[in-house]
1. Here are some conditions: (1) away from chain B (no Cβ under 14 Å); (2) crowded, with 21+ Cβ neighbours inside 10 Å. A:Ile178 meets all but one. Which one does it not meet?
2. Scan the stretch A:159-174 residue by residue and report those that are surrounded by 15 or more Cβ atoms within 10 Å (Cβ to Cβ) and either touching a Cys at 6+ places or on another chain (Cβ under 7 Å) or closer than 20 Å to B:Tyr270 by Cβ (or both).
3. Assigned to a loop (DSSP other than H, G, I, E, B), touching a residue at least 12 places away in the same chain (Cβ under 8 Å) and exposed (fewer than 14 other Cβ atoms within 10 Å of the Cβ): is that true of B:Pro410 in this structure?
4. Before we move on, is A:Asp146 more than 14 Å from chain B (Cβ to nearest Cβ) and either in contact (Cβ under 8 Å) with a residue 12 or more places away in the chain or more than 17 Å from B:Thr314 (Cα to Cα) (or both)?
5. Go through A:Arg69, A:Arg94, A:Arg89 for me and flag whichever is of a type in the set (Lys, Arg) and facing another protein chain (nearest Cβ under 10 Å).
6. Here are some conditions: (1) of a type outside the set (S, T, N, Q); (2) without any contact (Cβ under 8 Å) to a residue 12 or more places away in the chain; (3) closer than 22 Å to B:Gln360 by Cα. B:Leu260 meets all but one. Which one does it not meet?
7. Do you know which of the residues in the stretch A:108-130 that are assigned to a loop (DSSP other than H, G, I, E, B), touching a strand residue (DSSP E or B) at 6+ places or on another chain (Cβ under 9 Å) and farther than 21 Å from A:Gln70 by Cα is nearest to the other protein chains (Cβ to nearest Cβ)?
8. Within the stretch B:353-372, is even one residue more than 14 Å from chain A (Cβ to nearest Cβ) and either part of a strand (DSSP E or B) or hydroxyl-bearing (Ser, Thr, Tyr) (or both)?
Amino acid sequence: MDKKKILIIAHGHPDVHKGGAEIAAYQLFNEYETLGHDVTFLARSEEAPHGGAAFSVRNKANELLFHTRQDDDFLFSNIRTRYIWSELRDLLKRLQPEVVHFHHFFLMGIETLLEVRKTLPEAKIVFTLHEYLAICHAKGLMLKHDSKKLCAKSSPKDCHNCFPEKSPADFFMREMYIKRAFSVVDRFVSPSEFLKQRYVDWGIDSSLIEVIENGTPELDEHAQMNDSVSRSSTKVRLAYFGQINCFKGLDVLLDALLLMDKDTRQQFVLNIHGANLEYQPAEFQEKVYSALKRLKGTVFLHGPYENHELPALLADTDWMVVPSIWYENSPIVIQEAFRSNVPVITSNVGGMAEKVTNMKNGLHFNVGKPLSLCAVLEKVANDKNLHKQCVAGIIPPSKLSETAKANLALY
Amino acid sequence: MQCSEEHSTGFLVALANISENEIEVTWRDVTQRINLAEVSFTQQLAELEALPSAYFNDATALLERNGFYWGQKSLFFSDDTPTNLLLSHKDSKIHIDFAFTFDENTLLVIGWVLDLARLFKRINLRLNNTISDCILQDAFFHPRYDVAETLELPIHYGEKIGFAFTVSLPEPISPNLELMYSVDGRFFTGTALKAEPFRREETWLTEILLANVDITNTAKFPKLKKHVTSAIEKSWQERLQAPNAVEVKQFGSEISNPSLSLIVPIYGRYDFVQIQMSQFSLDSDFENIEIVYVLDDPRIKHAFMVTCKGVFETFGVPFKVVLSERNLGYAGANNLGVSHASSEHIVLLNSDVIPKKPHQFLALLQQFKNAESVGILSGTLLYEDDTIQHQGMEYMQDPSHPGMWMNYHPQKGFPLSLIEPFDIKEAQAVTGALMLMTKQQYLDVGGFDIGYILGDFEDSDLCMKVRNMGKCIAVSGSVHMYHLERLSQSLVSGNTWKHTLSMVNGLRHTNKWNNEVENVVAGNG
């Protein structure tokens, strides 16, 4: 196989922050390394560098941290510091990669794309879109700022309605500026059809965006074995994994359980494996804690988990619930559930609805509606075959090696 | 002193270098001894009650013509003489906030009079041994709600209590002033007041003078001009005419023999440079177009220069930055920029104007060259939703702004698709946001008139000057640019006074060009 000189750029290192995009970028890096490519991982970092240095090393010499921060959070711009057009330029000249694969621009500065094109006119620029930040100023959530209603499409006027302090013209310029930077990209990658479609609606040529699922590492034999021995509970075991915040819909799930009559509820347990509840707005925390109190005996809050613990935790799970109230892109936990043969109950929108097919490998409920989720859960309790049917419908998620191959094909 | 017979209505006694403490004054059969310990000339004399009123009136007039008044006392002026005052008479109050002199010959006094009982009959200034017009009669009065608020009075008490009072004299005005008030119309109480030379920010003065001005009250236009706009102009004139150090910085290599020079003034928001450059960098025509940014906002010099460096390094399009030591206003900044333009043809461009697609500037230049009679050519400017922002301006009288010609943008807000396509067409005037012309013509007509403070109406003024040279004004229907209007001025605090200032400029424009505008509107222009 042709060995390539590849630079992977991400907005964070998963050792520091375990976000889905950071993990996907890093896994791809490791896979390329295994395949023998000359690959460097460059991750933007908030940590203090040595005496103002732009770069430092994490783990090994080809894992670099880039110590910089965007100076304009509206345009994602970083031109007032010299880091992109001076330090990064020098690094690019030294590395001379044939392919630069971006997994983000966030916090680093969107001009990073322009700098790569300027310094390496011949390099192939590939950019995996992991969310909707370029489209939506509301943290890329595509939720109306006040009502938290799902938003289908950005427009200067609608965006101004969400952020009255910014004029429609400001949003117009923001889009113009971001698209200027995107114009240097040769190929885009989207992990879901849904996300691709949002960017096509926004103005990127459909033929430029390839849908490639994020890969999932394969389970080792020990984890597989765990999987086969532990499923023996009389209760329906639900589990929630990941960050806890007001967009992830944990409150919708708790409300659904509260809506059940006591007898039905007693047929369920819910394990919450999630982090960062303590950083959420007080109102949201109160809502969650008050629900937890009322659901004592049914719901157990376990706190964060390490990735290697996940197979074991899933082995004790009948259904994973992904109740996000925003579209999501391609939630990694869904693939992880499928890898462990756990079907998923999820909101009927966006990347979630795309990855989970209703009645095949999981169940849908109406996004943000506890009553709808409650009805789905009651169905699960009443129809014992449903679980078997959905487990049977699970197709194993893409392996990392497959994802890497698909990405390499674009280079 | 004895007055000549035909004007004689009494006697005035002028006392100077008095050595005695007491004198005796006799009028008809009344004799009175006057103590001169207080060194006063008129108060005691007035106690001769038998003075007939006709005599008294004439004597008063004669006194005042010569800078004296009844009740006058000697005032002492020193470095401690206050520059603001609060005088009270029973519950009535006079307050002087500021007394400023400009260019030696002009004095501006800003204050308020709260006089519910209407006790004050006259309030005057005594300056250079002359007595001014009565402030109550002559000054420009406007609301001062802040005063009512501070004094914890109902807010409507603030109506019409604030005043601005401007006096111009042919000779230099002494800073030693006397503020005089009279409750009976004749006898005054005087207090020493010192005027300071105006050294503050012009925008500060402009803002406080215009904060509560009702610009729709045409009856008050003469007083507005006499007391308010004249003072504003004076305050700016000094700055605009003072020497201004200019620094020029070139980013990238200078373009030799450019076909066009863009002049872009920057005030407040400078992120537009980033947006403009992000688009210019997609346009190969910029190999031949010189860009001159004029930073008209010294407060942001450092941040602006840092941004410029980043913008150049990122987008690679060369440009020139002209840094003005002082804020010159929109007109002054453009004039400065043009003086640094090296091409025969210039485009005056706002920083929030962004071409819809590449090659728009050279297309505009070509259209200009093809139309010999055209003196200024602008383009079609669009909002971000592709509706018309500008396709030429028309003069219009607007009931909301009586007494002045407004610049109306016909078809503003129309979708572009509703406009019949055209190449170029004549317009009554065009916006300064995008104007292409020869540099020579701009210089020949004296550039933008800097008397339009901060901006507005100087563009239509320039169009008038070019019309006067026998050229016509035109707009392109095929050159399209986005104009993200008004954003660049959003940093100016509050909108009310800024709007009023615009209207003040409108008034100035109307006074200057009324006849010509009428001709243009009648189709004879």
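The values are calculated or read from the model by the stated rules, or taken from the named source; none is laboratory data. Computed from a predicted model, the values in this text were never measured in an experiment. Here the Cβ positions follow ideal geometry from the backbone for every residue, glycine too, while neighbour counts run over all protein chains shown.
1. It is condition (1) that A:Ile178 fails.
2. Restricting attention to the stretch A:159-174, the residues satisfying the condition of being surrounded by 15 or more Cβ atoms within 10 Å (Cβ to Cβ) are A:159-160, A:162, A:166-174.
Within the stretch A:159-174, A:Lys166, A:Ser167, A:Ala169, A:Asp170, A:Phe171, A:Phe172, A:Met173, A:Arg174 meet the criteria.
3. Values: assigned to a loop (DSSP other than H, G, I, E, B): yes; touching a residue at least 12 places away in the same chain (Cβ under 8 Å): yes; exposed (fewer than 14 other Cβ atoms within 10 Å of the Cβ): no.
Taking the combined requirement at face value, the residue does not satisfy it.
4. Working: more than 14 Å from chain B (Cβ to nearest Cβ): yes; either in contact (Cβ under 8 Å) with a residue 12 or more places away in the chain or more than 17 Å from B:Thr314 (Cα to Cα) (or both): yes.
Yes, satisfied.
5. Working: A:Arg69 fails: facing another protein chain (nearest Cβ under 10 Å); A:Arg94 fails: facing another protein chain (nearest Cβ under 10 Å).
Going through A:Arg69, A:Arg94, A:Arg89 in turn, just one is of a type in the set (Lys, Arg) and facing another protein chain (nearest Cβ under 10 Å): A:Arg89.
6. B:Leu260 satisfies every listed condition except (2).
7. Here the residue is A:Leu120.
8. Filtering the stretch B:353-372 for residues more than 14 Å from chain A (Cβ to nearest Cβ) gives B:359-372.
Filter once more, so that each one left must be either part of a strand (DSSP E or B) or hydroxyl-bearing (Ser, Thr, Tyr) (or both): none.
Within the stretch B:353-372, not a single residue is more than 14 Å from chain A (Cβ to nearest Cβ) and either part of a strand (DSSP E or B) or hydroxyl-bearing (Ser, Thr, Tyr) (or both).
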